[in-house]
Every structure is written in C-alpha cells, then in structure tokens.
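Asker: Quick one: this structure, given as structure tokens, is what I'll be asking you about.
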Amino acid sequence: MTIANDSAHSSAPRGRGARLRWLVPLAFLGLVGWLLVRTFDALDLPEMQRTLLDVPTMPALGVALLALLAVACTGLVDVVIARWLGIGVPAPAMLRLAFIANAFANVLNLSGAVGSGVRLLGLSTRKVPLPAGAALIGLQVLSLPLGLSLLIVITLASGSLPPTPGTTTRWLALAVLVAAALYLPAFFVLTARRRLMRWLPHGMELPPMRLKLALAGLSLLDWVLSAAVLYGCLFIAGAHVKPGLLLGSFAAAQTLGLLSLIPGGFGVFDGLMLLALTSGGYDNAQVLAGLFLFRIVYYLVPLLAGLYVGSGLLVGGLRVPALARAATRLRTHPLFGVLGLPASLLADLGMRALAVLTFGAGLMLLASAAIPAVHEHIEVVRTTLPLAAVESSYWLSVLTGVLLLGLGRGIDGRLRVAYRLAQPLLLLGALLAVTKGLHYGEAALLLSIALLLRLHKHEFTQRAMSLTSATTFSWLAGLAVVVLAFFAIGVAAVLGDGSFDLWYFGFGEHSSRIGRGLFAAALGVAAYLTWQALAVRRPPLRLPDHVELERARAVYLAHGGGEFAHLTFMGDKHLFWSDDGHATVAYGAVRDRLVALGSPCGPTHAIKRAILDFRQFADAQDRVPVFYEVLEPDLSLYHDLGFDLFKLGELATLRLEDFTLAGKRWEDLRQAVNRSAREQLAFELHQPPFDTVLMSEIERVSDAWLADRGMHEKRFSLGRFDPDYLAWSPLALVRRAGVVVAFANVLPPYGPGGTASVDLMRHVDDAPRGTMDFLFARVMQWAREQGYERFSLGMAPLSAVGDNPYARINERLAALAFQYGGRFYNYQGLRRYKEKFAPDWTGAYLAYPRGLWVPGLLIDIAALVAGSYRRFLVSRR
C-alpha cells in the first residue's frame, strides 16, 4: 500500500508544489484535530496502556507476519507489469525489490518519489533499459489506487458508509468517496489513449484489458490485506469491529490520508479511523491501541525488514554516480517530469533510515521515561524487580536516550566513532528497558536496530563531520526539541505533585523519578556536545616538507605533471597520495571544500583510482572534493566518477617548433626585441641556487610591482614571491644599465611532452614599454633551444564559456560576465592578446559533485586564491 507516498505526490504541480506540500498536510491535520477536540473531552491514555499490556503475544506475532505478507503481496503488481514489458528480472528478485520499495514508501517521504526512486535504483543495478524501467514504475504508480477505488465502489454499493459525528461531515465523506470511486473508470479510459501513454517504450502496445483487470484485482488484494491487518490489530486490542463498518471507514480514511500528502496518512488516517469507530460505539482506548499496533506491524516492522533485505541495495555509496545519471535521464521522461527524484538522497536512503531509527530509539527511551506506568504494571514490576534496579535503570535509560538522539547525526554521516558508541548504547538500552519496567517490546526494537547497524558495520567509514553545517544544526534542533519536551513533561509532573520529594524512592513515585531524570537528561546533553566537539573534529591537514616535495617532483619528472605541477612547490598546498602511492594530488582547503589543482599526477593507469581515492578521502571527513582547472583530455574520468563539470575558460599553448620572430604572428614580440637594444635592455637566465644579492634585487622589483597595484600576494593557483618557491626553477631577468627592471620564474616541463611556461612576471613601474614582451620572447627562445615541445601562454578565463543557447544556465551567466565584465577584469582583452599567437586552445573545467551551487564554489576558490575571505572581499572593493 505504497501509494500514500507515490501517486498522491506525483500529481502535485511543481510550480506551487513546495507550498502545497506544507499547507495541505497542515490543513488536514488541523481539520482532523478540530474534529477530535469537538468529539472527545479526553483520550484515556492509561486505559490504552492497559489494553496494550493485555495484548497476547502469539496473536500479535501472527498479525505481524500477516502484515509482512501484505506488504510483500504488493510486489505482485510489479511482477505482472515486468512480465508484460518483457523485463527479464526473475520474479523473486522483483518481489524483493518491490518489498524494499514498498516498506520505505509506506513510512518515508522524499519529494513523493521514494517507491519510484528505490525501484529505479534496483532496476538500474540489473541493467534494465531506462524506457522499460520508467514504464514499469509509471504503470505501478498508476495501478495501486485501483484497488482502493474498487473498494470504495463496493462500500458505496453495499451501503457500508463510515459513521460520522455529524451530518455535514457525513456528506463530505460521501463526496470524497464518490470522487475517489471515479478513479477506476478513469484509469481504464485514459490508459487506452495513445497520447496519454506516450511514456511507454517505443513500439509498445497499449496495456490490454486483461492486464488492466489483473492490476485492478491485485491492487484490490493489496488494500484488502492491509484492511485485514488493521482488523487483526483492532481485534487483539479488544475492538471487535464489524467487517463492513471497518472496510467503509478504512476506505474513507485512506482516501483522505492520500489527499493529505502525509506519508502513510500519519495522523489523518488515525484520527479519522478513531472518529469513525468511536462514532460506531467502540471504546476509544481499544481503538487507539489497535491503531498503534497497526502502525507498528504494518509500517515499522516491514521497514526494519526492508532495511535488512535491502542492506546491499540502499547503503552503497559507490552506486551514487550511476544512480544520479539514471535519475537525470529519467527526469526527461514524459511521465516523470512531475517526480522530483532526489538521487543523492535515495542512494543513501538506507543509512538515513538507520539514522532516523537511532534517533527514534532515543526518543522511545525518553517517552517511556516520561509516561507514567499504570497501576497494574507497577504491581508486576514490584513483584519481579528490586527497587534499586528499577531506579538506576530509569536514570541510565534517560541518559542513554539523550545520547542516542545525538548519535543519529553521526549515523547519518557514516561516522565510525558514532557507530562504535551507538552499538553498545542500543544494547545497554535494551537491557535497561527490561530492568526498569519489563518493557520487552521496547527491548526487542532496540535490539533490532542494533542488529541492523551491525549488518552495515563496514559502511561506517567516515572519520569526521562538519560541526557547522545545516545538517548538523537540524539534527541538534531535533535533539533540543525532544529534550525540551521531556523537560516540560518533567517540570509539569513535579509542579503538579504537592508532596514532591526529589529523593523519595518507590515503585510508583513517577514525579520524583522524572525529577531525577531531568538531571540525567541535562548530563546527557552535556556529554554528547562534549563528545561531538572532541571526537568528530576533522583531522588537521599537514603541509608537505621538503622530502615529500622531492617525492612529488620525482613523480612529475617520470610521468608528467600537467600545467600546474610546479605550483606544488609553493608549499601552500597539501599533498594527497593514492592508496597505491603511485599518484599524487595537490590541493588546498577552504571551508569544507578540498580543492585539487588540476588532475592527479602519476602513471596513466593510476589517475582514475587517484580521483576516486581523493573523493573517498574527502567524504571520510565530510568534505566536498573539487578539482579546479582539469583539462579536456581528462573529462571522461570525472564524468564516470559522478562529477559535474563547469567550464572555466580555455588554456592557450603553442608548439615551440613554430616559434620564430619572423612573420606577422610574432610582430609584437619582434618589435619588443628590436626596441630592447635601443633601451639598453639585457636578458639573463639564472639557474638555482640563487645568491642573496640576486634575491634582494628581484624582491625590490616584486615589492614595487605589488605596491603600484595595491595588491597582496596570491596563492594556490597563482605564484607568489617566496625565495623557497623560486629556488625550484630558473629565473629570467631583464636588466637596464645593470639594474633589474623585470623578472619571471620559468616553469620547466615535467615528463614526456611536458609544457614550459612562466609564472611570476613582474616589473618596476618605469620599465620601458615592451619590457615584458622582450622577456617573454627570450624565454620562449631559450625553451626552444632546450628542446622543449610546448609552451603555455596561460588561461583565458571565461573564454568560450556558455557561448551557445544550449549551454547550462551557470555557463550562460558566465558568458555575460565575459562580454560585459571588462570593468572588473579584462576578459576579452586577454583573449585577444593571446589569440594573436594563434595558439592551441584547450578547455579547462571545474569538476564538482552533483548538486553543488557553482557560484558558491567559485567564491570559495576565489577566497582560496586570495589567501582568505577578508582579502578576497577587500580586493573586490
């Protein structure tokens, strides 16, 4: 019965959907709450507790098994559709996938596409073609309401309308039922229209009548089995409801639950069933107990089973890229344009469910401590357990519950230390549940969650997480809300007890016990926050020493270092080594971003592995891996590993064998060389090591150049004046009458086919016009004489970015900056200058995980290059 999360949400319009998904559920909950307040003076919760305590164990287990069977039978719809579509997935595998999808879709809600998303994930792992998979999911979504519609038709025909507390509500219920009954004929009519079924695979016939009748029958079976589970829950709770009355009430409540857009109709379905059955003369405590059992056996138990059965499907981080690509393609499908498939969420759905269950375990322990026990149960505990065990277990269970609330965030983040702490706490909580009050059901649930965590032990690979992210704050907000609610209940109990004594101990002394529990809760919050601050911090990133830089240089010389290898020797970037030690990545850190400069360097066969290792290294610290200025030849590697790409501009390189001062192509450089003789300019090239006199001379030039422009030294992707950095490569100088007026450091090529270039190019303000062109020409001549093959002229930022109407929106916005942003940066002038040399242009890209906001990434990288956010902001003024 998964339609509660799929079809209802899939019909929501995307334009106003965001508001409707909040307003509609709140409106339904408000309406049901108002009806309940009007109808009931109070709900007898103590009597509900007594009813639940009297539920026999074996019949309850039988109902739970029936619930598992009911959820499993929903998969028959998938099997029938798959057979019609010719999908070659075996029936047992299809039933398993459908069970997992239905178990999750009953409980969770992620943009209304949980069931569809889980099916997509499973079908994609079995190499099912996208058109066939999309058709299966679409027809399954459309088929499930058929049974409910047919059930309503039967209800209306038999006159088994649900009892209502008033005439108005009765007419309202009748109108809703009639409208829902129309879905059945609408399905048969509309699925016979080729125009409306264009999302079927090309060449596929329309669904035949026999298939549609089979789907209607299976869907009816699904809803009848669900109603049978509810009947069983009510029966063992003491409410022996007549089948006709139950079916009518069930059909109406489920219909309104679907329309409420709340997963599982939680609150709406329960409130309407309570209204209908109590109006029919049934005891509200027994009905409440039956509905509570229904939520446990039909929703929670299948969810736990789905987590167990789907452990390999739903907790696999390595499947994220494949799923994201499939979801991207699926969004363009005609049927699924209305479904917002959250690929990144679905890929980690199992772990998020475990996190919610861990949080729920803590919530359950606190709720158990906050609710006073009924007298009959107190007497059973009195005769079974010693008072010291009850009191100490109660206090420890509150402390354990608060810690589990907090650890939900760590489980969600796959933190290894969170798993290692949560596992013993769950086992301890199960023991305490028994020793504080013989709560065997509570203990069984805690043990089940501990078992599920144990099954996923190897998925907890993270070593740290962000303490300032929105996700962390949302989990902390949940912790705060629950603990504050516990405090409110505790304070109310203390203030309501005129004979309150904090240190009075007794089996039935709830106010004194919860008063002491408040101290345990406060201690738990303090302990968790201390643990979070100390245990989950990211490890400090170490800058390389000279030995490690020499190791990197050896890799560059042997295998090439790309365009940016030499910038490693600035010493401001960290070095990451692949697991096999063959490849290295130079990267910087800003906020939670790890920004690699260029692609990894190493043997060709090791590059892809190094990219993946670096991504896993970042993920383990809850950081974002970004590759800055990766070049076109490597793009397929990043695409295959799930990265999105944003074009940053183009890199200009030329073949040195084509370089000559003759011809129009080199006219500017030739004129500069000719003018140098008249200006008494002399070119020198010095090899390291450099003496202190020379370093003092070029430092004077560098300081003057920075002062004239009011600039600070950059870092990361731009060189800076640093004697240690300059000592790694030759220096090119221009002297005038013996005085240095300009200099540049020459970047040597690394490995076979490497590219030479220059980095720092600085001059004094009164240097003769054309001095830098003269230096540039002489460096290129020298590089050609050394036998180097190529020379880099550097980047032309935003060049050829978003220059066609089909480019992505971010790149089209960048194109506007290129065209109209000359006031801030001479984008077009730089492109035109380099274009005169007729270079070869190679696209440079930003590779980043899907879903990130590119402008934010670019701002982070700009701050990294500037040296800090303060310097970046000051430089923008």
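The values are calculated or read from the model by the stated rules, or taken from the named source; none is laboratory data. Remember, it's a predicted structure, so these values are computed and weren't measured experimentally. Glycine gets a Cβ as well: all are built from the backbone with ideal geometry, and neighbour counts include every protein chain shown. Keep in mind that these areas ignore ligands, DNA and RNA; they rest on the heavy atoms of the full protein, side chains included. Shrake-Rupley method; radii C 1.70, N 1.55, O 1.52, S 1.80 Å.
Asker: Taking a ≥ b ≥ c as the square roots of the Cα gyration tensor eigenvalues, with a/c under 1.5 meaning rounded and otherwise prolate when a/b beats b/c, else oblate, which class fits the stretch 578-636? Please list the in-between numbers first.
Answerer: Working: a/c = 2.02, a/b = 1.33, b/c = 1.52.
Judged from the Cα gyration tensor, the stretch 578-636 comes out oblate (a/c at least 1.5, b/c at or above a/b).
Asker: What dipole magnitude, in Debye to the nearest 20, does the stretch 402-484 give about its Cα centre under +1 on Lys/Arg Cβ and -1 on Asp/Glu Cβ?
Answerer: Details: 8 positive and 3 negative charges, 56 e Å.
Around 280 debye, computed over the stretch 402-484.
Asker: Which residues' amide hydrogens lie under 5 Å from the amide hydrogen of Met465, considering only partners 5 or more residues apart or on another chain, with H built in the peptide plane?
Answerer: Hits under the 5 Å cutoff: Arg538.
Asker: Counting only protein heavy atoms, what percent of the accessible surface of the stretch 183-241 is carbon or sulfur at a 1.4 Å probe?
Answerer: Values: 1980 of 2910 Å².
Carbon and sulfur atoms account for 68 percent of the accessible area of the stretch 183-241.
Asker: Tabulate in residue order the Karplus-calculated ³J(HN,Hα) for the stretch 455-468, using 6.51 cos²θ - 1.76 cosθ + 1.60 with θ = phi - 60°, rounded to whole Hz; enter x for Gly and Pro.
Answerer: 5, 9, 3, 6, 7, 8, 10, 6, 9, 7, 8, 6, 8, 10
Asker: If you consider only alpha-carbon coordinates, what radius of gyration and Dmax does the stretch 140-236 have, in Å?
Answerer: So, for the stretch 140-236, Rg and Dmax equal 16.4, 53 Å respectively.
Asker: So, how do all the Cα-to-Cα distances of the stretch 612-682 break down into 5 Å bins, in percent, from 0 on up?
Answerer: The calculated distribution, bin by bin, is 3, 11, 15, 12, 10, 8, 7, 8, 8, 8, 7, 2, 0.
Asker: Mind checking which lysines have their Cα closer than 26 Å to the Cα of Lys608? Skip sequence neighbours fewer than 8 apart in that chain.
Answerer: Filter leaves Lys127, Lys573, Lys647.
Asker: Viscosity 1.567 mPa s, temperature 4 °C: Stokes-Einstein D of the stretch 505-581 from its Kirkwood Cα radius, in µm² per second?
Answerer: On the way: Rh = 17.6 Å.
The Stokes-Einstein estimate is 74 µm²/s.
Asker: Quick one: putting +1 on the C-beta of Lys and Arg, -1 on the C-beta of Asp and Glu, what dipole do you get for the stretch 552-676 around its Cα centre, in Debye to the nearest 20?
Answerer: Details: 14 positive and 18 negative charges, 85 e Å.
That gives the stretch 552-676 a dipole magnitude of about 400 debye.
Asker: Among Leu148, Asn106, Phe187, whose Cα projects farthest towards the positive end of the dipole of the stretch 102-228, with charges put on the beta-carbon of Lys, Arg (+1) and Asp, Glu (-1)?
Answerer: Phe187
Asker: When a/c reaches 1.5 or more, the comparison of a/b and b/c decides; with that in mind, is the stretch 647-805 rounded, prolate or oblate per its Cα gyration tensor? The partial results should precede the final answer.
Answerer: Values: a/c = 1.40, a/b = 1.21, b/c = 1.15.
It comes out rounded by the Cα gyration axes.
Asker: If you don't mind, there's one more thing I want to ask. Give a residue-ordered list of calculated ³J(HN,Hα) values for the stretch 601-609 (Karplus: 6.51 cos²θ - 1.76 cosθ + 1.60, θ = phi - 60°; whole Hz; x for Gly, Pro).
Answerer: Using θ = phi - 60°, the values come out as 10, x, x, 4, 5, 9, 5, 4, 5 Hz.
Asker: Using the crude model of +1 on Lys and Arg Cβ and -1 on Asp and Glu Cβ, and no other charge, please compute the dipole size for the stretch 113-224 relative to its Cα centre, in debye to 20. All intermediate terms of the calculation are to be shown ahead of the outcome.
Answerer: Working: 10 positive and 2 negative charges, 80 e Å.
Magnitude of the dipole: close to 380 debye.
Asker: Next question, about the same structure. List the lysines whose Cα sits under 17 Å from the Cα of Lys836, skipping any in the same chain fewer than 8 residues away.
Answerer: Reachable lysines: Lys664.
Asker: Oh, and also: Over the stretch 535-683, with every protein chain in place, what whole percent of the accessible area is carbon and sulfur at 1.4 Å, could you tell me? Spell out each step's value before the answer.
Answerer: Numbers: 3040 of 6120 Å².
Accessible surface attributable to carbon and sulfur in the stretch 535-683 totals 50 percent.
Asker: In terms of modelled amide H atoms, which long-range or inter-chain residues lie less than 5 Å from the amide H of Gly794?
Answerer: So Gly794 has HN proximity to Ala652.
Asker: Take peptides 357-368, 146-157 and line them up by average Cβ neighbours within 10 Å, highest first, as a rough protection proxy.
Answerer: On the way: 357-368: 23.2, 146-157: 21.1.
Ranking the peptides 357-368, 146-157 by packing returns 357-368, 146-157.
Asker: Something else about it: In whole Hz, with x marking every Gly and Pro, tabulate ³J(HN,Hα) for the stretch 842-852 from phi via Karplus 6.51 cos²θ - 1.76 cosθ + 1.60, θ = phi - 60°.
Answerer: Those phi angles translate into 10, x, 10, 10, 9, 9, 8, x, 4, x, 7 Hz.
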